[in-house]
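This report concerns only the one structure given below.
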Amino acid sequence: MLCQLGTGWTTSFEVQNSMSRNDTDQTLYSIPTLARRWTVSVDTIRRHIFAGDLRSVNIGSRRMIPLDEVRRAETKGIGKARRSAMSAEVAATK
């Protein structure tokens, strides 16, 4: 498969290799992988995406979430960080 990258054409294999070597922050999470990271359902991740709380990109037919967006969402209180904060609130009221 050929992809346009910059001014020329390259193979998807070359794009993958150049991304893994040079752009470590370009890690992408699939919806199921992010759901496992946050220990939530796949539907919860999809709801966040469609509500606009979580930015995603389409790679072919797959919807992927960039690592920088995962970190932003966690610091904003979406996903794992939000659950931890809610648990702390519940513990504080007991």
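Hand me the list of helices (runs of 4 or more DSSP H) wholly inside the chain holding 1 or more residues that are modelled with pLDDT under 85. Outline the logic, then answer.
Values: elements: 12-22, 31-38, 42-51, 67-76, 80-93.
Fully inside the chain and qualifying: 12-22, 80-93.
Please identify the pairs in which a residue from region 17-45 that is more than 15 Å from R72 (Cβ to Cβ) and surrounded by 15 or more Cβ atoms within 10 Å (Cβ to Cβ) has its Cβ atom under 9 Å from the Cβ atom of a residue that is of a type in the set (D, E) and at pLDDT 90 or above, counting only partners at least 6 apart or on another chain.
The qualifying pairs are A35/D43.
The values are calculated or read from the model by the stated rules, or taken from the named source; none is laboratory data. In this text the structure is predicted, and so the values were computed from the model without any measurement. Ideal geometry is used to build each Cβ from the backbone, glycine not excepted, and the neighbour counts take in all protein chains shown.
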